[in-house]
Amino acid sequence: MRPRTAAVALAIVASVVAADLRGQDVPTVAVMDFSSFMMGEGGASVQLGKAISAMLVTELSGREGIRIVERARTNDLLREMGLNFSGGVDESAAIELGELLGVQYVLHGQVTSIVGNLRLDIRAVDVGTSAVVSTMKKSGRTTEIFSVVVDLADEFTQTLDLVPPSGRPEAESTPVAATIEFSRAVGMEDSGNVEQAIQHYEKALDIHPSHRAARRALERLIAGTPS
């Protein structure tokens with residue numbers, strides 16, 4: 001496809017996506033891939049930021065009063081633009097992507113896991129004004145990743161004056177090995193390697209059968225629906 005044709009196609013795609021989301025009467029949100037660093041327990045080459053982004057999308061998507069952009073839609077837009085933000089996006093890029101996606105808020109930030117200690121530094125930005133509406137800092141053991149993600153989702157939705165869901169899944173420890181396999185699966189899926197993504201989601205579930213995000217992702221891929 002010639003550059004001009006590609007640019008026109010991208011503009012059309014972006015405008016359709018934006019119009020669809022702006023027509024919603026609830027807050028619309030895009031979760032960017034978080035930059036990350038992981039050291040210890042064999043996870044040095046793992047894109048943990050992608051995994052936590054995917055887990056947060058899963059957690060927020062199950063809540064009333066908010067609309068979350070599918071990861072596949074964000075990734076499609078990045079590919080159309082010829083961009084690769086596998087290491088996360090900075091704030092200006094996040095806002096630009098939020099504008100193209102037609103969302104009200106974007107979440108971006110950084111994740112670190114060093115020798116089993118997890119830390120999240122996430123910012124929620126109003127795309128229309130570029131104002132930071134919330135700075136969220138969460139920490140815990142890497143095995144507590146599920147609880148940390150749920151706490152992050154609670155804090156963000158409270159910023160939007162939304163009530164957290166009453167039915168809470170039981171918080172339980174997630175083996176680091178399962179988190180590593182889940183991270184690899186998300187990376188494979190984002191690169192279009194569905195077969196290997198399925199294999200790694202299955203490995204994550206073999207290690208931790210109650211891994212909710214892995215199970216939903218696996219069911220979605222088998223059904224052939226986007227993330």
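The values are calculated or read from the model by the stated rules, or taken from the named source; none is laboratory data. Being a predicted model, the structure only gives us computed values, none of them experimental. A quick note on method: Cβ atoms are made from the backbone with ideal geometry, for glycine too, and the neighbour counts reach across all protein chains shown.
Restricting region 203-227 to residues that are charged (D, E, K, R) and loosely packed, with under 14 Cβ neighbours inside 10 Å, the residue that is farthest from the chain's Cα centre (by Cα) is 206. Is at least one residue of region 98-110 surrounded by fewer than 16 Cβ atoms within 10 Å (Cβ to Cβ), closer than 26 Å to residue 201 by Cβ and modelled with pLDDT of 65 or more? Yes; the residues of region 98-110 include at least one that is surrounded by fewer than 16 Cβ atoms within 10 Å (Cβ to Cβ), closer than 26 Å to residue 201 by Cβ and modelled with pLDDT of 65 or more. Is there a residue being in contact (Cβ under 8 Å) with a residue 40 or more places away in the chain, assigned to a loop (DSSP other than H, G, I, E, B) and surrounded by fewer than 20 Cβ atoms within 10 Å (Cβ to Cβ) anywhere in region 126-143? The answer is no; no qualifying residue exists. Which residue pairs have Cβ atoms under 7 Å apart, sit 6 or more places apart or on different chains, and have a first residue in region 211-227 that is over 15 Å from residue 183 (Cβ atoms) and at pLDDT 90 or above and a second that is of a type in the set (Ser, Thr, Tyr) and assigned to a loop (DSSP other than H, G, I, E, B)? Close Cβ pairs satisfying both conditions: 220/227. Among the residues of region 173-208, none is identified as without any contact (Cβ under 8 Å) to a residue 12 or more places away in the chain and under 22 Å from residue 118 (Cα atoms).
If only residues of region 66-97 that are hydrophobic (A, V, I, L, M, F, W, C) and modelled with pLDDT of 85 or more are counted, the one that is surrounded by the fewest Cβ atoms within 10 Å (Cβ to Cβ) is 72. Residues in region 21-65 that are surrounded by fewer than 15 Cβ atoms within 10 Å (Cβ to Cβ), modelled with pLDDT under 70 and more than 22 Å from residue 191 (Cβ to Cβ): 22, 23, 24. Residue 164 fulfils the conditions (1) closer than 20 Å to residue 94 by Cα; (2) part of a loop (DSSP other than H, G, I, E, B) except for a single criterion, (1).
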